Amino acid sequence: VYKRQPRSYGSTMLKKIISAIILISAIVVWLAPIAMVPGFFIGGSATPAPSSWEDTSAIDEVRLKVGGLIPRVVIIWIVQVDGELYVTGAKDSGWVTRLGEGGKAELRIGDNTYPVVAERQSENLDALISAWYDKYRPNYPDIVGTMSEASTEPRSYAIFKLARS
């Protein structure tokens, strides 16, 4: 006669814990911005924007949060020209579309998150794009080369100044 072995409570609990960890990890990966994948949470400490920005020449990437029914956080390059901060993105990308001609956003640099107003730029675009090339070409020559090819007229990139709000 076959006797069924009693199920081990410990192995059932272990499977549930592992399943929960996998589920939580998947949710975190889905919600947090990673590389080219946007997220929802920007993190950092809410900090009033300073009267003047610190030098960002050694900072390659920042996080930018654009509002909406479901906010979007992107990891993006930043450049500083004449003391002002600028970001650029493909005109057809989700976060650029949400900003339209400009709008409220949040900028995270290091552990600080600042309220900013993204103002779409229409003048001095060649100088601003050149600032990106100069800053990022040494460490990212392939990406800058592709960006350079794509930025010819008609411009496929939008440029935003991140004004203090």
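Which is closer than 19 Å to Y136 by Cα, in a strand (DSSP E or B) and at pLDDT 85 or above, of G89, G103? Only one candidate passes the filter, namely G89. Of all residues in region 97-115, those that are without any contact (Cβ under 8 Å) to a residue 60 or more places away in the chain and more than 15 Å from F41 (Cβ to Cβ) have Cβ atoms under 9 Å from Cβ atoms of residues that are among the small types (G, A, S) and in a strand (DSSP E or B), 6 or more apart or on another chain, in G102/A118; G102/A163; G103/A118.
In summary, D134 fulfils each of the numbered conditions (1) among the acidic types (D, E); (2) assigned to a helix (DSSP H, G or I); (3) at pLDDT below 90 with the single exception of condition (3).
Here is a yes/no grid of residues against (1) surrounded by fewer than 14 Cβ atoms within 10 Å (Cβ to Cβ); (2) of a type in the set (G, A, S); (3) under 17 Å from the mean Cα position of the chain (by Cα):
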position: G102; (1), (2), (3): no, yes, yes
position: E106; (1), (2), (3): no, no, yes
position: G110; (1), (2), (3): yes, yes, yes
position: V117; (1), (2), (3): no, no, yes
position: E123; (1), (2), (3): yes, no, no
position: N139; (1), (2), (3): yes, no, no
position: T146; (1), (2), (3): yes, no, no
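Take the residues of region 97-125 that are of a type in the set (V, I, T) and in contact with a Ser or Thr (Cβ under 9 Å, 6 or more places away or on another chain): which is farthest from R164 (Cα to Cα)? So the residue we want is I109. Filtering region 75-103 to residues that are aromatic (F, W, Y) and within 15 Å of I129 (Cβ to Cβ) leaves W77, Y86. Check region 39-48 and report whether any residue there is part of a strand (DSSP E or B), open to solvent by less than 70 Å² (accessible area, probe 1.4 Å) and without any contact (Cβ under 8 Å) to a residue 40 or more places away in the chain. Within region 39-48 (the criterion being part of a strand (DSSP E or B), open to solvent by less than 70 Å² (accessible area, probe 1.4 Å) and without any contact (Cβ under 8 Å) to a residue 40 or more places away in the chain), the answer is yes, since at least one residue qualifies.
Whenever a residue of region 131-142 is free of Cβ contacts under 8 Å to residues at least 60 places away in the same chain and farther than 12 Å from A58 by Cβ, its partners that are open to solvent by 40 Å² or more (accessible area, probe 1.4 Å) and in a helix (DSSP H, G or I), lying with C-beta atoms within less than 7 angstrom and at least six residues away or across chains, give the pairs Y133/S148. Residues that are of a type in the set (A, V, I, L, M), open to solvent by 70 Å² or more (accessible area, probe 1.4 Å) and modelled with pLDDT of 85 or more do not occur anywhere in region 7-15.
The values are calculated or read from the model by the stated rules, or taken from the named source; none is laboratory data. Quick caveat: nothing in here was measured; it's all calculated off a predicted structure. Cβ coordinates were reconstructed from backbone atoms using ideal geometry, including for glycine residues, and neighbour counts include every protein chain displayed. Calculation scope for accessible area: heavy atoms of the full protein, side chains included, ligands and nucleic acids excluded. Shrake-Rupley method; radii C 1.70, N 1.55, O 1.52, S 1.80 Å.
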